[in-house]
Amino acid sequence: MRFVEEVVVDEFLPTVRSMLAEDLRDRGFTQSEVADALGISQSAVSKYAAGDVARHEEIVADERVRDLVERVGEGLASGDLTPVAALVEIEVLIRQLEEGDLLADLHEDAMPGLADADVEFSVHDPDSGFRERERVLTSVRRGLRTLTNASGFAGLIPNVGANVAECTADAVTVDDVAAVPGRLVDVKGRAMVPGEPEFGVSEHVATVLLAAREAGSGVRGAVNLRYDPETVAALGESHPTVEFDAERETREAVADAVRGADRPAGDEAETLVAYQTGAVGVEPIVYVLAPTAAEAARIVRELL
C-alpha cells in the first residue's frame, strides 16, 4: 500500500527542492542562503548541488513545475515572496497535480489498482483565502520595490506620508486591506519603509480604496501622493480623474465622486485617480487607484 503523500515526499519534493536549490544558486545565493530560503540543511543543499539526489524526470519536464520553480525562485530572490507564500504556492500545485494529474498518474504507477477506481484527492482549496492574502502582500511588496527603487519618488510623498495598499477581492473593512504599517516618509531624499506590509494598518488609504469599490469600481490597489495640479493633469492624460470634497466624510465623499465619474463602461478593474485639494487642517492628496498595488506603483513611477 502506498499513499499519494508518499509519492509527494519521496519523488515530488526532492525533485522540486533540487530544482529550486539550483535556481537560487544560479541567482547568486550562497549555500547557506539557499538552506535558509528552503528551510533545509546546508548538507542537503550540498547533496542537491552535487547531484546526489535523484530527480524524477516526468516532474522535471512538467511545464507547470518548471514555471513554479522560476516564479518561486524569482520571488524569494527579490523578496516579493516570503517562505510562507512560497510554501502555499507549492502546496497548491501539489494538490492540483494530485487530482487526476501528474501525481495521480505516478500514484497509479505505484498502485496499479487505483487505475480501476473512481478516486479523487480533493484535500486543498487552491482558491483559499490564505493564498489570496499572501498574493495581496506579494503585490504590495512589488509595488513598494518599484517606488523605493525609483529616483525622485521621495519628492512625491506628502507631508502626512505615503502608502501602498491592496485589498482582497471581497474586501469590506480596513482589515481586508494590506499596506505598510505607519507610512512611507521622505528622509533626505529617500523613501523610507518602516516595516513589512500587513493587513489592517492603513485606515486612511484603505478608506479611499474601499469607497471607490463601494461606488462600483473594481480597483484593488492604491498609492497616495503629494497633490500638485501638474501631477493630476499628467495622470489625467491616461486615466479618469475625480475630485472629492475634503471637508466631507472621506468614504462618503469619495464614493459620491466615483459614482459621478465618467469611467469606461463595463471596465470593472479600471485605473482611477481621485484627489482632493485640501481644507482647514487637511493636506491635499492624490490617490492613484488601479487593479493591483503593483500596477498603481507602476503608474506613479511613470510620472518620474
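Read-outs throughout are calculated quantities, based only on the coordinates presented, and are distinct from any laboratory measurement. Since we're looking at a predicted model, the values are computed, not measured. Ideal geometry is used to build each Cβ from the backbone, glycine not excepted, and the neighbour counts take in all protein chains shown.
Okay, here's what the table says:
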| quantity | calculated |
| --- | --- |
| Kirkwood Rh, Cα atoms: Rg over Rh of the chain | 1.08 |
| For peptides 15-22, 230-237, 217-224, sequence by mean Cβ density within 10 Å, most packed first | 217-224, 15-22, 230-237 |
| Gyration tensor over alpha-carbon atoms, the stretch 19-112, equivalent ellipsoid semi-axes in Å | 25, 16, 11 |
| Linear extension gain, ARG251 paired with GLU237, 0.36 nm per residue minus alpha-carbon span | 2.5 nm |
| Nearest-ten-degree value, helix 203-214 long axis tilted from longest Cα axis of the chain | 90 degrees |
| Ellipticity estimate at 222 nm from DSSP helix runs (n ≥ 4, -39,500 (n - 2.57)) divided over the chain, nearest 500 | -14000 deg cm²/dmol |
| Alpha carbon convex hull of the stretch 123-279, volume per residue in cubic angstrom | 122 Å³ |
| Dimensionless Rg/Rh of the stretch 189-269 - Kirkwood Rh, Rg from C-alpha atoms | 0.98 |
| Most to least packed among 137-143, 55-61 [average Cβ atoms within 10 Å] | 137-143, 55-61 |
| Where labels lie 7 Å past Cα in the beta-carbon direction, separation of THR173 and PHE130 in nm | 2.2 nm |
